[in-house]
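Written below as structure tokens is the structure these notes are about.
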Amino acid sequence: MYWSDLGIVLGWKNFGENRRLLTVLTQKYGVYKGIVYGVSQTLFPGWVLNLRWKGACETSLGTWSIDGSVSLGDESSANPLTFTLLTSMCQLCICGIPAQIPCLDIYQAFLTSMTLLPEPRGLRAYVLFEAHILCYLGHQDRQIQCFIQNWQDPKITCVRRQWLYQDNIWKQLGKHWQNWQEIKERAYCKIFENFS
């Protein structure tokens, strides 16, 4: 089986000598993993890659060929808080989106939120992305819908209240979110410690 698509780097880890296991969120195929051979450059979270995937079948661990990249997350790596939020978005996708299921809405929400993270409304963009993931997972309610529709208006939606509301939902979902929750807690402390 063979296909090509655009994919956002969610994470990677060394997989033997001169190989990496790369996890991406693709535009057409959802979250996918594959082996990349001979990559000497560092792949940062948030980079958009032009990829080709090849494997024996859909469910096998295939291989990636990278035909090019766009580093949309460059400003994120310069700011520790922005980078923490971007890392949290990546972990949320890895933990929360079932593998190999198309999710174009999540791909588009990721791109939108990621590009806004370095801006003053970056925190709102992050909470918006979380709200989209909750809707994707079936946890859609009136408050989440109101935030999605009015996320840019601080008069209608309080980002701290929404953050805490969504945090309670995540805690009810279970322990497999624990690694992501730890990243999110660090971000929460950095963001809201001045408001206490």
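Where a number appears in this text, it was derived from the coordinates with a stated rule and is not lab data. This one's a predicted model, so the numbers in the text were calculated from it and none came from an experiment. Because the Cβ atoms are built from the backbone with ideal geometry, glycine has one as well, and the counts that use them run over all protein chains shown.
Things to note:
- In the chain, the longest principal axis of the Cα atoms and the axis of helix 178-192 are about 50 degrees apart.
- Normalising the average separation of contacting C-alpha pairs (under 8 angstrom, six or more residues apart) by the number of residues puts the relative contact order of the chain at 18 percent.
- Sequence-distant residues sharing a close amide H with V31 (under 5 Å, placed H): T26, Q100, I101
- The chain, helix-only ellipticity at 222 nm - DSSP H runs n ≥ 4, -39,500 (n - 2.57), divided by all residues, nearest 500: -14500 deg cm²/dmol
- Principal-axis tilt of helix 122-136 within the chain, Cα atoms, nearest 10 degrees: 70 degrees
- 3J(HN,Hα) couplings calculated from phi for the range 55-63 with the Karplus curve 6.51 cos²θ - 1.76 cosθ + 1.60 (θ = phi - 60°) are, in sequence order, x, 5, 7, 4, 8, 7, 7, x, 10 Hz; Gly and Pro show x.
- Dividing the convex hull volume of the alpha-carbon atoms in the chain by its residue count gives 122 Å³ per residue.
- Peptides 22-33, 128-139 ordered by average Cβ neighbours within 10 Å, highest first: 22-33, 128-139
- In order along the range 158-169, phi translates into HN-Hα couplings of 8, 5, 5, 4, 5, 4, 5, 4, 5, 4, 4, 5 Hz, rounded to whole numbers, per the Karplus curve 6.51 cos²θ - 1.76 cosθ + 1.60 with θ = phi - 60° and x for Gly and Pro.
- The phi-based Karplus calculation (6.51 cos²θ - 1.76 cosθ + 1.60; θ = phi - 60°) puts the 3J(HN,Hα) values of the range 2-16 at 8, 7, 10, 6, 8, x, 8, 5, 9, x, 7, 8, 4, 9, x Hz, whole numbers, x for Gly and Pro.
- Lysine pairs meeting the criterion (Cα under 17 Å, 8 or more apart or interchain), as found in the chain: 5
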